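Report on the following structure.
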Amino acid sequence: MDNSPSLTAIILTYNEEIHLQRCLDSLKGVASKIIIIDSFSEDKTKEITETNGARFYQNPWTNHSVQFNWALENCPIKTNWIIRLDADEYLTPELQIEIKEKLSNLDDSISGIEIPLKRVFLNKHMKRGLGEIKMIRLFRKGKAKIENRWMDEHIEILEGKTISFQHSFADHNLNDFGWWTSKHNTYSNREVIELLNIEFNLLNINATAVLSEQALHKRNLKLKYVKLPLFFRTFTYFIYRYIFRLGFLDGKEGFLWHFFQGFWYRTLVDAKIFEIKKACGSDVEKMKIYIKSKYKIDLL
């Protein structure tokens with residue numbers, strides 16, 4: 001008899017054989033159903049999924065928002081609760097216990113649960129530089145969806161209250177550093193769209209999401225960030241994280257994390273924005289054509 005909470009885990013994958021088993025193991029005894037939404041992997045992702053008794057679906061990739069909302073709309077989910085995870089994430093043992101002990105006893109007025117993030121980079125926990133990050137990853141079925149954004153998407157609670165759990169889930173990618181930089185080069189294209197959208201309403205979307213307090217705070221900071229001069233903002237952001245938020249105390253791994261994620265990546269984003277503005281000025285339609293031509297992302 002399965003004594004797991006009434007919880008479905010939704011995991012988005014693409015060539016995740018290096019991570020998937022670890023993620024699935026952390027959900028055993030916690031999630032009563034596991035759904036994999038795959039973007040046509042070419043490795044053993046499907047084989048690992050089926051070996052572990054999880055349900056396997058495939059859908060063409062657009063972005064995280066589209067993929068996750070597709071799962072909510074198309075997969076047969078009958079549990080009371082849903083948790084979102086990426087394949088390179090996993091529940092810590094302490095969080096596994098907390099979910100099993102608390103989830104079934106929560107008041108019906110509670111629709112969302114914030115969970116602290118444990119960031120692991122080059123096998124070291126990044127404790128400093130950004131402060132505690134909490135994200136809504138657990139929510140009651142039918143009470144939430146994910147924002148329609150290209151980057152920095154959050155789960156939007158449609159009704160009800162949100163509470164916080166004490167223990168964390170971990171983000172711990174096992175690929176090498178070359179893979180990391182290549183991935184973030186791709187991420188930078190989506191971040192470019194996000195920042196240009198904030199500045200020029202590139203996507204013509206009215207933001208109406210009801211987000212957690214921390215997500216709203218982060219969003220407001222990004223609005224201020226967009227108004228700062230290109231390149232100056234990336235340097236000051238790095239100094240803030242590495243010096244004033246004590247990121248340097250996390251050793252060589254901390255330096256690499258804050259330099260590459262906090263400075264190199266964001267300077268790359270600014271360089272691409274500079275390139276687009278130089279070619280298109282403030283003409284939104286020209287920007288969309290440019291982005292489609294250079295990055296193969298159709299915003300038209």
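Residues of the stretch 1-34 being farther than 15 Å from residue 137 by Cβ, open to solvent by less than 10 Å² (accessible area, probe 1.4 Å) and among the hydrophobic types (A, V, I, L, M, F, W, C), which ones?
Those that are farther than 15 Å from residue 137 by Cβ, open to solvent by less than 10 Å² (accessible area, probe 1.4 Å) and among the hydrophobic types (A, V, I, L, M, F, W, C): 20, 24.
I'd like the full set of residues that are part of a loop (DSSP other than H, G, I, E, B), open to solvent by less than 30 Å² (accessible area, probe 1.4 Å) and touching a Ser or Thr at 6+ places or on another chain (Cβ under 6 Å), limited to the stretch 154-180.
168 - this is the single residue of the stretch 154-180 that is part of a loop (DSSP other than H, G, I, E, B), open to solvent by less than 30 Å² (accessible area, probe 1.4 Å) and touching a Ser or Thr at 6+ places or on another chain (Cβ under 6 Å).
Taking residue 92 and the conditions (1) open to solvent by 80 Å² or more (accessible area, probe 1.4 Å); (2) touching a strand residue (DSSP E or B) at 6+ places or on another chain (Cβ under 7 Å); (3) of a type outside the set (A, V, I, L, M, F, W, C), which numbered condition does it fall short on, given that it satisfies the others?
Single failed check for residue 92: (1).
Kindly indicate whether any position in the stretch 39-50 is hydrophobic (A, V, I, L, M, F, W, C) and open to solvent by less than 10 Å² (accessible area, probe 1.4 Å).
Checking the stretch 39-50: not a single residue is hydrophobic (A, V, I, L, M, F, W, C) and open to solvent by less than 10 Å² (accessible area, probe 1.4 Å).
For the stretch 77-89, which residues satisfy the criterion of being open to solvent by less than 20 Å² (accessible area, probe 1.4 Å), closer than 25 Å to residue 159 by Cα and not β-branched (Val, Ile, Thr)?
Scanning the stretch 77-89 gives 81, 84, 85.
Against the condition crowded, with 18+ Cβ neighbours inside 10 Å and under 19 Å from residue 10 (Cβ atoms), how does residue 194 come out, does it pass?
So residue 194 fails the test.
Provide a single number: the residues in the stretch 45-77 that are part of a loop (DSSP other than H, G, I, E, B) and touching a residue at least 60 places away in the same chain (Cβ under 8 Å).
3
Counting just the residues of the stretch 95-126 that are within 21 Å of the chain's Cα centre (by Cα) and open to solvent by 50 Å² or more (accessible area, probe 1.4 Å), which one comes out nearest to residue 157 (Cα to Cα)?
Looking at the filtered set, the residue picked out is 118.
So if I check each of 274, 244, 248, which one is in contact with a Leu (Cβ under 6 Å, 6 or more places away or on another chain), open to solvent by 80 Å² or more (accessible area, probe 1.4 Å), at pLDDT 95 or above and aromatic (Phe, Trp, Tyr)?
Being in contact with a Leu (Cβ under 6 Å, 6 or more places away or on another chain), open to solvent by 80 Å² or more (accessible area, probe 1.4 Å), at pLDDT 95 or above and aromatic (Phe, Trp, Tyr) holds for just one of 274, 244, 248, which is 274.
Given the criteria within 30 Å of residue 279 (Cβ to Cβ), at pLDDT 95 or above and not in a strand (DSSP E or B), does residue 186 qualify?
Considered against the rule, which asks whether it is within 30 Å of residue 279 (Cβ to Cβ), at pLDDT 95 or above and not in a strand (DSSP E or B), residue 186 comes out as no.
Taking the stretch 129-172 as the region of interest, how many residues are over 17 Å from residue 218 (Cβ atoms), of a type outside the set (Gly, Ala, Ser), at pLDDT 90 or above and touching a helix residue (DSSP H, G or I) at 6+ places or on another chain (Cβ under 8 Å)?
Within the stretch 129-172, residues that are over 17 Å from residue 218 (Cβ atoms), of a type outside the set (Gly, Ala, Ser), at pLDDT 90 or above and touching a helix residue (DSSP H, G or I) at 6+ places or on another chain (Cβ under 8 Å) number 5.
The values are calculated or read from the model by the stated rules, or taken from the named source; none is laboratory data. Owing to the predicted nature of the structure, the values given are computational and were not obtained by experimental measurement. Note that we place each Cβ from the backbone using ideal geometry, even for glycine, and neighbour counts take in every protein chain shown. With ligands, DNA and RNA removed, areas are computed over all heavy atoms of the protein, side chains included. Shrake-Rupley method; radii C 1.70, N 1.55, O 1.52, S 1.80 Å.
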